[in-house]
Every structure is written in structure tokens, then in C-alpha cells.
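The values are calculated or read from the model by the stated rules, or taken from the named source; none is laboratory data. Predicted model only: the values in this text are computed from it and were never measured. For neighbour counting, all protein chains shown are included, and Cβ atoms are generated from backbone atoms with ideal geometry for every residue, glycine included. We work out accessible area using only protein heavy atoms, side chains counted, and drop any ligands, DNA or RNA first. Shrake-Rupley method; radii C 1.70, N 1.55, O 1.52, S 1.80 Å.
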Amino acid sequence: MFINNEEGVRSESLTLQAYRYFRHALMSGRFRPGDKIKLKEIADELGISQTPVREALGRLVSEQILSQVDRRSVQVPRLSPERYTEIRDLCWTLEGQAASRAATLASASDVQQLKVLHEQYRQACEADDQARATVANANLHLFLCELADMPMLSRIVRNLWLQSGPVMNAIAGDLSITAGPPHPHLDVIRGLESRDPELTKQGIQADIIALSDPIIRGLGGQPSAEELAVQ
């Protein structure tokens with residue numbers, strides 16, 4: 001589930017290795033909105049033939065994460081404010097549902113793992129490392145979905161994060177994590193520890209709103225946090 005760069009896992013098929021490479025690259029800022037991804041360049045970079053790269057890119061196009069440009073290249077889509085808002089709203093709804101369920105299923109070791117993921121995010125923020133912070137935050141959100149034991153929901157949410165990853169890195173928000181009110185991740189952790197579905201849900205949804213507002217402004221749209229909060 002985690003978005004990691006796993007090029008060294010040789011037991012996987014080359015296509016799956018290429019797919020995992022692209023997943024990490026999209027979330028970590030390797031590609032930005034509007035970038036063309038050229039088949040030969042990536043194959044040379046990974047040291048593999050073009051066929052598995054083509055297959056991996058085809059999978060990402062079919063999942064609507066990338067757009068086909070021509071036979072030899074695909075493109076990272078440029079998200080409009082409306083498209084990003086739709087992605088945000090879907091994450092808000094689906095991740096909220098997953099968080100509520102996760103609160104009833106998470107074990108003590110699961111909570112500890114979530115704390116580790118939050119610490120990775122905190123360290124990335126302190127280092128002012130936007131790419132690492134984006135990946136760490138995505139991993140926390142995806143792990144929470146995984147705890148809900150809802151595989152179809154998790155797959156949809158993962159794809160939504162992959163679609164929004166490049167714009168998250170292109171439009172960096174405030175990475176301060178110590179100033180102001182407690183970070184919403186901490187409410188998620190407290191909600192899991194106390195098996196409180198509503199607190200866990202509110203925590204993850206608050207994080208989605210906090211993350212999305214500066215991105216929507218950067219795309220030229222208007223945040224609708226107040227309207228979304230009362231849904």
C-alpha cells in the first residue's frame with residue numbers, strides 16, 4: 001500500500017517494478033503537471049526494455065492517472081480547480097468512511113505504525129522537504145484506509161492521491177507543523193487509540209481540508225472548506 005520506490009525488488013515483474021517507480025515518482029515530485037513522460041528515457045533510466053515501461057504507463061493511463069499524448073509518450077495532466085476539488089471531495093468522503101471503520105478494527109501495533117508514519121511526516125516538514133512530506137502524508141492516509149479492510153475503497157483512494165500528487169508538489173503549502181493548533185494527524189491517532197470513529201473521521205477530514213485549501217488557491221479556485229465541513 002505504501003508509496004515507496006522499490007526498484008530493487010527483483011522478484012517482482014519488470015512491469016510491476018516500473019509501475020511502482022511511477023507511483024513513487026508521481027507522489028515525490030519527479031514529474032510535474034504538464035510533463036511528458038517519454039518511454040525511451042524512462043526505460044534507459046531504469047535499465048530495462050521499453051515493453052514493461054509501456055505496460056506500466058498503459059496501466060496508469062487506464063486508471064486516468066496519466067494522459068496519452070502519442071504512441072511514445074504520455075503526459076501528467078494539468079488539474080483544473082474543479083477537477084482537483086472533485087478529487088478532494090472524493091477523498092474527504094471515502095477516507096472519512098474508512099477512518100470510521102478503522103477506529104473499530106485497528107490494533108495497538110497498527111496505532112504504533114501510524115505514529116511512525118506521522119513522525120516521518122513531521123521530520124519531512126521540519127526539513128522543509130515538500131516531496132518527502134507529500135509521500136509521508138500519503139502513506140499515512142493510505143495506511144489508514146488499509147486498516148479499514150476495504151480493498152476497493154483503498155484502491156480508489158490510492159489512485160486519487162496519485163492524480164493529485166504532482167500538483168501537491170508543484171504548489172507547495174505551509175509545511176509548519178509545530179505552530180498553531182495540534183495537527184489533525186494527532187486527532188486520528190487519538191481516535192484510533194480510543195476506538196472513537198467520529199474523532200478519527202474528523203481528524204482525517206480536517207487534514208484533507210488543510211492540505212487542499214492552499215492548492216485550490218494556487219490553481220486559481222476558491223476553497224470551500226466551510227461548505228465541505230458541514231456535509
field: Meets criteria (open to solvent by less than 40 Å² (accessible area, probe 1.4 Å), of a type in the set (D, E, K, R) and within 22 Å of Lys201 (Cβ to Cβ)) for Glu95
entry: yes
query: Looking at (1) under 17 Å from Arg190 (Cα atoms); (2) under 17 Å from the mean Cα position of the chain (by Cα); (3) of a type in the set (Gly, Ala, Ser), which is the only condition Ser109 fails?
result: (2)
statement: Pairing a residue in region 48-67 that is under 21 Å from Gly34 (Cβ atoms) with any residue that is open to solvent by less than 40 Å² (accessible area, probe 1.4 Å) and in a strand (DSSP E or B), where Cβ atoms lie under 8 Å and the two sit 6 or more apart in sequence or on different chains, gives Leu57/Ile37; Leu57/Val74; Leu60/Val74; Val61/Val74; Leu66/Ile37; Leu66/Val74; Ser67/Val74
- prompt: Does Thr200 meet the test of being of a type in the set (Ser, Thr, Tyr), at pLDDT below 95 and buried (at least 16 other Cβ atoms within 10 Å of the Cβ)?
  reply: no
- prompt: Does any residue in region 77-94 that is over 16 Å from Pro33 (Cα atoms) come within less than 6 Å, Cβ to Cβ, of a residue that is part of a helix (DSSP H, G or I) and among the polar types (S, T, N, Q) six or more places away or on a different chain, and which pairs are these?
  reply: Arg88/Ser212; Trp92/Gln205
task: Please determine, by comparing only the residues of region 112-130 that are surrounded by 18 or more Cβ atoms within 10 Å (Cβ to Cβ) and touching a residue at least 60 places away in the same chain (Cβ under 8 Å), which one is farthest from Gly96 (Cα to Cα).
output: Gln130
query: If you take the residues in region 1-48 that are among the aromatic types (Phe, Trp, Tyr) and open to solvent by less than 20 Å² (accessible area, probe 1.4 Å), which one is modelled with the lowest pLDDT?
result: Phe31
- prompt: If you take the residues of region 79-90 that are of a type in the set (Ser, Thr, Tyr) and part of a helix (DSSP H, G or I), which of them is farthest from the chain's Cα centre (by Cα)?
  reply: Thr85
task: Spot the failing condition for Thr93; the list is (1) of a type in the set (Val, Ile, Thr); (2) in a loop (DSSP other than H, G, I, E, B); (3) under 27 Å from Ser212 (Cβ atoms), and only one is missed.
output: (2)
query: What number of residues within region 64-77 are open to solvent by 50 Å² or more (accessible area, probe 1.4 Å) and either of a type in the set (Phe, Trp, Tyr) or in contact with a Leu (Cβ under 9 Å, 6 or more places away or on another chain) (or both)?
result: 4
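Let's see how each residue does on (1) modelled with pLDDT of 90 or more; (2) closer than 16 Å to Asp213 by Cα; (3) open to solvent by 10 Å² or more (accessible area, probe 1.4 Å):
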{"position": "Met150", "(1), (2), (3)": "yes, no, yes"}
{"position": "Val157", "(1), (2), (3)": "yes, no, no"}
{"position": "Leu162", "(1), (2), (3)": "yes, no, no"}
{"position": "Asn169", "(1), (2), (3)": "no, yes, yes"}
{"position": "Leu175", "(1), (2), (3)": "no, yes, yes"}
{"position": "Ile189", "(1), (2), (3)": "yes, no, yes"}
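May I ask you to verify whether Ala206 is modelled with pLDDT under 95 and buried (at least 18 other Cβ atoms within 10 Å of the Cβ)?
no
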- request: Mind counting the residues in region 98-109 that are surrounded by fewer than 16 Cβ atoms within 10 Å (Cβ to Cβ) and part of a helix (DSSP H, G or I)?
  value: 4
